[in-house]
Amino acid sequence: MNLISTPAELMTKAEGILALNDRGSYTVPTHGLYPFQWNWDSCLVSLGQRHTNEPRAWLELHTLFEHQWDDGMVPHIVFHELDDGYFPGPEIWATGKSVPTTGITQPPVAGLAIRRLFEDATDTANAKRSAERLLPLVDRWHQWFYNHRDPERTGLVALIHPWESGRDNSVDWDAPFERVPVDGIAPYERRDLQHADAAHRPTKDQYDRYLWLVEHFRDLNWDNTKLHDASPFQLVDPGFNAILIRSCDDLAEVAEALGHTELAKRNRTMAQKGRDAMESLWQENIGQYACYDRVANTLCDSASIGGILAVLAGLPKARAKAIVKRIETLKEQVNYLVPSHDPSDARFDAKRYWRGPCWLIVNYLITIGLRSADEVSLAQEIEAQSLRLIETSGFAEYYDPMTGEPCGGSSFTWTAAMVMEFCQERHIA
Ligand code: DGY
């Protein structure tokens, strides 16, 4: 693997980052830039925490799900403690919750995390208790997705805000974003630029549109029976749907182990319907999946990582092979896999957030998909390159795939958690 550090040394460093960002019952992604609990960060972070403290890992998940909305949605940020170093804060979202939250969601990694925590547990009694408590909550969230974000029952859910994808400024959203107006938004001051290089972050034009959508949904009282249809932004992201499909499948595994056959069956059915529908997102000319713009009724012309992350869904063999080929092509253009956008596209930007940089969390999810498809050697290569990035550039939020330079925030929790997972090399098919 050509590493200077031993896995034990990397584990110790990663553990230090987790401790630094631990706030007792939840973990912040990083000090300053992201001072609250983020949804998919927490689920991914629990995967690292389990290697040193299983009860703490379960607690991370319990804390998140304590803030599940009555309709089943699990919000993308829980604002546990006020911190004006972040914008937009709770007063902008105004969702009316006793502990404030945002009003949108994030990729549901919960099922995948729970399965790993459960199956690898050494404290099996606690694992059983925790899984029993979480199963119905995650199941409700999965149902919420298909009820509120797939009104026509296509099998695929749409995002109504780029922040839901986690890939805030992906090239995928450029064309649909032209439809999102900017007039009438309240004046605002960004805070992210006080903590990170502006050249690594989304643009002002994108922020205006993020804010317009938030204000629009707030005007509709965050009523999820209305938001999907009222949004000018309805994007079906193959990566997001693959995460949801995997979450349903993994939750079903745990449910079966605990004898909850109805819950398991329901989740298997949702997963299979989603998997079948993924084929509608296949874009032959780029050899990968693409986002579908529901309002414009068109596939996006954008070869982003979202279409590669699709491999997590358990695709037909030929499609998984095609994704492998696609990653091999990208490999010829970068020094570190997997870039979040195709470098041969003029819109690629090596340092700007989701328009080019590589992210360890996406690498991790892709390797799980590749291993499930028996593509072990490519998975190992991505894992090795990910660890090499850590040695070169520390625990950054993301990295320039050409130079390996660290970008965005530093001492980043989920990056550390992924390092712990890679060092363990324990993967479930
Ligand atoms: C941000 O504020 O940059 C986040 O990505 C929103 O979740």
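The values are calculated or read from the model by the stated rules, or taken from the named source; none is laboratory data. On a predicted model such as this, the values are computed, not experimentally measured, just so you know. Here Cβ is always computed from backbone atoms with ideal geometry, including for glycine, and neighbour counts include all displayed protein chains. Areas reflect the complete protein model, heavy atoms only, side chains present, ligands, DNA and RNA absent. Shrake-Rupley method; radii C 1.70, N 1.55, O 1.52, S 1.80 Å.
Per-structure values
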| item | result |
| --- | --- |
| Identity of the residue in the stretch 207-226, outside any helix (DSSP H, G or I) and in contact (Cβ under 8 Å) with a residue 12 or more places away in the chain, that ends up surrounded by the most Cβ atoms within 10 Å (Cβ to Cβ) | TRP222 |
| Filter result for LYS204 (open to solvent by 70 Å² or more (accessible area, probe 1.4 Å) and within 16 Å of the ligand (Cβ to nearest atom)) | yes |
| Filter result (within 12 Å of the ligand (Cβ to nearest atom) and closer than 13 Å to LEU213 by Cβ) within the stretch 162-177 | PRO162, TRP163, GLU164, SER165, ASP168 |
| Verdict on ASP229 being open to solvent by 30 Å² or more (accessible area, probe 1.4 Å) and either outside any helix (DSSP H, G or I) or touching a helix residue (DSSP H, G or I) at 6+ places or on another chain (Cβ under 9 Å) (or both) | no |
| Positions within the stretch 22-62 being more than 19 Å from ARG115 (Cβ to Cβ), away from the ligand (no atom under 14 Å from the Cβ) and of a type in the set (Val, Ile, Thr), in sequence order | THR27, THR52 |
| Members of the stretch 65-75 that are free of Cβ contacts under 8 Å to residues at least 40 places away in the same chain and within 16 Å of the ligand (Cβ to nearest atom) | HIS67, PRO75 |
| Which numbered condition ARG352 fails, given (1) under 18 Å from the mean Cα position of the chain (by Cα); (2) open to solvent by less than 40 Å² (accessible area, probe 1.4 Å) | (2) |
| When residues of the stretch 184-196 are limited to those that are more than 13 Å from the ligand (Cβ to nearest atom) and either exposed (fewer than 12 other Cβ atoms within 10 Å of the Cβ) or of a type in the set (Lys, Arg) (or both), the one farthest from GLU405 (Cα to Cα) | GLY184 |
| Every residue from the stretch 327-349 that is open to solvent by 40 Å² or more (accessible area, probe 1.4 Å) and among the small types (Gly, Ala, Ser) | SER344, ALA346 |
| Output for the stretch 1-29, where each listed residue is among the polar types (S, T, N, Q) and open to solvent by 10 Å² or more (accessible area, probe 1.4 Å) | ASN2, SER5, THR6, THR12, SER25 |
| Hits in the stretch 135-161 - residues which are surrounded by fewer than 18 Cβ atoms within 10 Å (Cβ to Cβ) and either within 16 Å of the ligand (Cβ to nearest atom) or in a loop (DSSP other than H, G, I, E, B) (or both) | PRO151, GLU152, ARG153, THR154 |
| Single residue of ALA264, ALA242 found to be touching an Asp or Glu at 6+ places or on another chain (Cβ under 7 Å), in a helix (DSSP H, G or I), on the phi < 0 side of the Ramachandran plot and not hydroxyl-bearing (Ser, Thr, Tyr) | ALA264 |
| Those residues of the stretch 1-51 which are at pLDDT 95 or above, within 29 Å of GLN380 (Cβ to Cβ) and in a loop (DSSP other than H, G, I, E, B), in sequence order | ASN21, PRO29, ARG50, HIS51 |
| Residue, surrounded by the most Cβ atoms within 10 Å (Cβ to Cβ), within the stretch 76-99, restricted to residues that are within 11 Å of the ligand (Cβ to nearest atom) and in a loop (DSSP other than H, G, I, E, B) | HIS76 |
| Condition check for GLY394: at positive phi and either out of contact with any Ser or Thr (no Cβ under 7 Å at 6 or more places or on another chain) or of a type in the set (A, V, I, L, M, F, W, C) (or both) | no |
| Hits in the stretch 275-303 (condition: farther than 26 Å from ASP249 by Cβ, open to solvent by less than 40 Å² (accessible area, probe 1.4 Å) and assigned to a strand (DSSP E or B)) | ASP293 |
| In the stretch 394-424, residue most open to solvent (accessible area, probe 1.4 Å) [restricted to those that are within 18 Å of HIS31 (Cβ to Cβ) and among the small types (Gly, Ala, Ser)] | SER410 |
| Answer from ALA14, ALA94, ALA57 - the residue that is in contact (Cβ under 8 Å) with a residue 12 or more places away in the chain and at positive phi | ALA94 |
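Matching residues to (1) farther than 26 Å from PRO232 by Cα; (2) of a type in the set (Lys, Arg); (3) touching a residue at least 24 places away in the same chain (Cβ under 8 Å):
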residue: LYS265; (1), (2), (3): yes, yes, no
residue: GLN272; (1), (2), (3): yes, no, no
residue: ALA277; (1), (2), (3): no, no, yes
residue: SER302; (1), (2), (3): no, no, yes
residue: ILE305; (1), (2), (3): no, no, yes
residue: GLY314; (1), (2), (3): yes, no, yes
residue: ALA322; (1), (2), (3): yes, no, yes
residue: SER340; (1), (2), (3): no, no, yes
residue: ARG347; (1), (2), (3): no, yes, yes
